[in-house]
Amino acid sequence: MTNETLKPVFTNPWVRAACVLVAIILAVLLAYLLRPVLIALFLAFLVAYVLNPIVDAFERKRLPRAVTIVGLGIVGVLLVLSVPFLFIPNLISEADTLGPAAIQDANVGAAPAQTGLIARVDHWLNRLPLEQIVERFGWRDEAHAGLSARAIVAEKISAFVKLHANEFLNRLAQWLPAVGQSAGTTVGQIAASVGRGTLNVLVFLGNLAIFAVVAGYLLKDFHHLIAGGKDLVPPRHRAATFRIVGEVDLQVRSFLRGQLLVCLCLGLIYAVGLLSLRVPFAIPIAVFGMFANLIPYVGLVTTLIIAGLMTVLRHELDWHLVGVVLLFGAAQAWMACC
């Protein structure tokens, strides 16, 4: 009797739509609450999907999958650990040259008058709100009274980068011994002795551990998992499903492989070109441009603007800016021809 009474309610399309909407909201809320874990799982699957051909290639050469996975893991850990000790000192070194060089150029005197196109571009660059930025933040004090707005902004950027880079290295130097001293203590003692920053680091390391374990498991049993997934497809739909999935897999693998190769080549071109042109923060800009290339047009424009602004701050308007524009144009022409 009860089922007959509720049957019109459950068959009502508005009730069904409301139930579906509530289910979607709950699923989104659950995904939001579990986003750190879900992001780690998604990245683990993506890494396993990309690295599986490498593991298969070594396996065909009679090298066990576990050995290859451990080797890839060691290489990944070394790359991650090398970033603070190679990337951060480069930032500090570049910052040491940006501010003093801009101040020295500003003290040399005004550049000779330009004509034609260069004068128009120079006039446009002079319209950049550098003077308004300096006045807004109160940077023109007694020590910077005789400097141009360009030199002051360059000096402030240099000081900002050096401050935060040195602060990061100091925190890292303080955190590593603390972790070693706390290795034998209990969880409660660790929670009572470490600060909020270290707890955040521990949370990050926990997510990194989840990512590493899941990625290693997926790589080791990748083919077994694929075979298990195939068994879940009903036999009458297997032919069409396997054909469609196979085509999608081929397209996705080709796209990822091509994008990764293009990004690496662009990063190398940017790094060599910007270093040759003596652009400040050449390596960080090249790395940013390498990853930003994954976003069409937006990544190119953003990287070009950053490189152009750093070039203007360091060298003002001269052939260096023209070289930066030609570098990005040549890189895009090469990518279009590939």
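A compact table of results
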{"read-out": "Boolean, Asp56 is of a type in the set (Asp, Glu), open to solvent by less than 70 Å² (accessible area, probe 1.4 Å) and at pLDDT 80 or above", "value": "yes"}
{"read-out": "Neighbours by Cβ (under 7 Å, 6+ apart or cross-chain): first from region 297-316, free of Cβ contacts under 8 Å to residues at least 12 places away in the same chain; second outside any helix (DSSP H, G or I) and crowded, with 17+ Cβ neighbours inside 10 Å", "value": "Gly299/Asn293"}
{"read-out": "Residue in region 273-282 that is surrounded by 18 or more Cβ atoms within 10 Å (Cβ to Cβ), on the phi < 0 side of the Ramachandran plot, touching a Phe, Trp or Tyr at 6+ places or on another chain (Cβ under 8 Å) and not aliphatic (A, V, I, L, M) present", "value": "no"}
{"read-out": "Subset of region 10-32 (residues that are in a helix (DSSP H, G or I), surrounded by 10 or more Cβ atoms within 10 Å (Cβ to Cβ) and at pLDDT below 85)", "value": "Phe10, Val15, Arg16, Ala17, Ala18, Cys19, Val20, Ala31"}
{"read-out": "Hey, Asp231 open to solvent by 50 Å² or more (accessible area, probe 1.4 Å) and either out of contact with any His (no Cβ under 7 Å at 6 or more places or on another chain) or of a type in the set (Asp, Glu) (or both) or not", "value": "yes"}
{"read-out": "Residues that are farther than 17 Å from Leu268 by Cβ, free of Cβ contacts under 8 Å to residues at least 60 places away in the same chain and in contact with a Ser or Thr (Cβ under 9 Å, 6 or more places away or on another chain), drawn from region 279-296", "value": "Ile295"}
{"read-out": "Selection count where residues are under 19 Å from Asp249 (Cα atoms) and either in contact (Cβ under 8 Å) with a residue 60 or more places away in the chain or touching a Lys or Arg at 6+ places or on another chain (Cβ under 7 Å) (or both), scope region 50-71", "value": "5"}
{"read-out": "Whichever residue in region 321-338 is farther than 15 Å from Val272 by Cβ and in contact with a Leu (Cβ under 8 Å, 6 or more places away or on another chain) and, among such residues, is modelled with the lowest pLDDT", "value": "Met335"}
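The values are calculated or read from the model by the stated rules, or taken from the named source; none is laboratory data. Because the structure is predicted, anything quoted here is derived from the model rather than measured. Because the Cβ atoms are built from the backbone with ideal geometry, glycine has one as well, and the counts that use them run over all protein chains shown. Calculation scope for accessible area: heavy atoms of the full protein, side chains included, ligands and nucleic acids excluded. Shrake-Rupley method; radii C 1.70, N 1.55, O 1.52, S 1.80 Å.
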